[in-house]
């Protein structure tokens, strides 16, 4: 069986740092640098074009910050990608952790440090179902622990979730929390995987599953939720309204 290969994108405006990292990675036969970029905008284009397994991202770029870049693309990442912040400044470490970075590499890097990061990356990449939400058994006060595409984790309590929606263009289910900032679930997640974790999660149509804690009323074929979801479009049929009435006693 052939060894698995991993693709890498480097986003850094320091040519010397990019060259030294590329040269070191060339010695690792499992890894391939498929693109580099020297600024924020080019970085986004390369990442979204190449879909790398591993991203080395500088913190300070000529036209923005690596943290902002990661935040901007976070909802668009539907593949498994881990992020290593690559910087000469150690004071950014805490922020990197908060941004759910997989690791942090200081410039100029130590070969042993790079090897440790790459070995940890390979080990984590080979874990099964890395992006599947982990669901506790208790329904009351339960939460999702979602493994993010960038290698971090995000805890989302049931009471923070207004509804789930299927994104047809990306072909994935997404969580719509109170912040309204969509969170991607794993591509293999099905609607029944969501509805079975809590009695409050009810499928109102083919593409939406609501949290009944935010249910308000039914009006003219629309399921209305409370604020901040009160203006979201949620069609519901008479047959589904009947099922909702039977299950929850709503009118």
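Readers should treat all values here as calculations from the given coordinates under stated rules, not as data from a laboratory. All values derive from a computational prediction rather than experimental measurement. Heads up, the Cβs are rebuilt from the backbone with ideal geometry, glycines too, and the neighbour counts pull from every protein chain shown.
With an 8 Å cut-off on Cα pairs and a minimum separation of 6 or more residues, tell me the relative contact order of the range 6-125 in percent.
Working: 179 pairs, mean separation 26.5, N = 120.
Here the relative contact order equals 22 percent.
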So, how do all the Cα-to-Cα distances of the range 143-248 break down into 10 Å bins, in percent, from 0 on up?
14, 50, 30, 5, 0
Nitroxide proxy distance, nm - points 7 Å out along Cα→Cβ at residue 113 and residue 42
2.5
Given 0.36 nm per residue, what is the gain on full extension from residue 187 to residue 49 after removing their alpha carbon distance, in nm?
47.8 nm
Between the range 208-251 and the range 153-190, what is the separation of their alpha carbon centroids in Å?
18
For the range 10-69, calculate the relative contact order in percent as a whole number, restricting contacts to Cα pairs under 8 Å that are 6 or more residues apart.
39
Taking every pair of alpha-carbon atoms in the range 1-62, what share in percent sits in each 5 Å bin, from 0 to the bin with the longest distance?
4, 19, 30, 23, 15, 6, 2, 1, 0
Plugging the Kirkwood radius over Cα pairs into Stokes-Einstein for the range 6-125, at a temperature of 20 °C and a viscosity of 1.002 mPa s, what D comes out in µm²/s?
152
Rounded to the nearest 5, the percent of DSSP beta bridges in the range 6-125 running antiparallel is 10
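Taking 0.36 nm per intervening residue step and subtracting the Cα-Cα distance, what contour gain separates residue 242 from residue 120 on full extension? List each step's numbers first, then the result.
Working: separation 122, 0.36 × 122 = 43.92 nm, distance 5.14 nm.
Computed gain between residue 242 and residue 120 is 38.8 nm.
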